[in-house]
1. Restricting the search to region 15-69, which residues are at pLDDT below 90 and either assigned to a helix (DSSP H, G or I) or small (Gly, Ala, Ser) (or both)?
2. Please identify the pairs in which a residue from region 53-65 that is over 15 Å from Gly19 (Cβ atoms) and of a type outside the set (S, T, N, Q) has its Cβ atom under 9 Å from the Cβ atom of a residue that is open to solvent by 50 Å² or more (accessible area, probe 1.4 Å) and assigned to a loop (DSSP other than H, G, I, E, B), counting only partners at least 6 apart or on another chain.
3. Go through region 73-86 and count every residue that is under 11 Å from Tyr20 (Cβ atoms) and in contact with a helix residue (DSSP H, G or I) (Cβ under 9 Å, 6 or more places away or on another chain).
4. What number of residues within region 62-79 satisfy the criterion of being over 20 Å from Gly96 (Cα atoms) and surrounded by 11 or more Cβ atoms within 10 Å (Cβ to Cβ)?
5. Determine, yes or no, whether Gly107 is under 22 Å from Val60 (Cα atoms), among the small types (Gly, Ala, Ser) and either assigned to a loop (DSSP other than H, G, I, E, B) or modelled with pLDDT under 95 (or both).
6. Condition test on Val35, is it out of contact with any helix residue (DSSP H, G or I) (no Cβ under 9 Å at 6 or more places or on another chain), within 19 Å of Gly107 (Cβ to Cβ) and open to solvent by less than 50 Å² (accessible area, probe 1.4 Å)?
7. Suppose we filter region 43-61 for residues that are open to solvent by less than 60 Å² (accessible area, probe 1.4 Å) and more than 19 Å from Leu71 (Cβ to Cβ); how many remain?
8. Can you confirm whether Arg10 is among the charged types (D, E, K, R), out of contact with any Asp or Glu (no Cβ under 8 Å at 6 or more places or on another chain) and modelled with pLDDT under 90?
Amino acid sequence: MDDDLITERRPIAFPQVFGYLRHVTGGLPRHTALVDCLTEYCDRHELALCGVFTDRDAAVIVRSPAFVGLLDALELPDAYGAVVPALSHLGPKGLGTERERQITATGARLIVVRPLTPTTRSASSLSASQSLRPQGGV
């Protein structure tokens, strides 16, 4: 599973990555938070975030301008991969799968900050688990 390793165990001299966001709803604060998420992740994993491509159009097409820009950047000789906050940023299921295929076809890695949807607990299981936790100075 060496393909799953990031920079710590791979011979990468200067791991350049490019971010991709599909930001159709929400304002500038949401976009800023998403870019900050990518930046923080890259800083933690010693990746150089060289740019972020953002699609803002609600139209769902495979070769949108921002996505084509990402693919072009991934063709650069020192490009290591693309980073997204979650797979949903690649688009709905069929579109996302095709975009994932196009990214990996460039030879670049697709890095997903939140690869899985976190499970949510029901209110009853949350309260039950909290009641079992030791409290105060017992």
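The values are calculated or read from the model by the stated rules, or taken from the named source; none is laboratory data. Computed from a prediction, not measured in an experiment: that's the story for all the values here. Using ideal geometry, Cβ is built from the backbone for each residue, glycine included, and neighbour counts are taken over all protein chains shown. Please note that ligands, DNA and RNA were not included when accessible areas were found on the heavy atoms of the full protein model with its side chains. Shrake-Rupley method; radii C 1.70, N 1.55, O 1.52, S 1.80 Å.
1. The answer is Gly26, Gly27, Ala58, Ala59.
2. Asp57/Val24; Ala58/Val24; Ala58/Thr25; Val60/Pro92; Pro65/Asp57
3. So the count comes out to 6.
4. If we filter region 62-79 for residues that are over 20 Å from Gly96 (Cα atoms), which is where we start, we get 76-79.
Filter once more, so that each one left must be surrounded by 11 or more Cβ atoms within 10 Å (Cβ to Cβ): 76, 78-79.
Residues that pass the stated criteria total 3.
5. On the way: under 22 Å from Val60 (Cα atoms): no; among the small types (Gly, Ala, Ser): yes; either assigned to a loop (DSSP other than H, G, I, E, B) or modelled with pLDDT under 95 (or both): yes.
The answer is no for Gly107.
6. Details: out of contact with any helix residue (DSSP H, G or I) (no Cβ under 9 Å at 6 or more places or on another chain): yes; within 19 Å of Gly107 (Cβ to Cβ): no; open to solvent by less than 50 Å² (accessible area, probe 1.4 Å): yes.
So Val35 does not fit the description; no.
7. Going through region 43-61 one residue at a time, the tally reaches 1.
8. Values: among the charged types (D, E, K, R): yes; out of contact with any Asp or Glu (no Cβ under 8 Å at 6 or more places or on another chain): no; modelled with pLDDT under 90: yes.
When the stated conditions are applied, Arg10 does not pass them.
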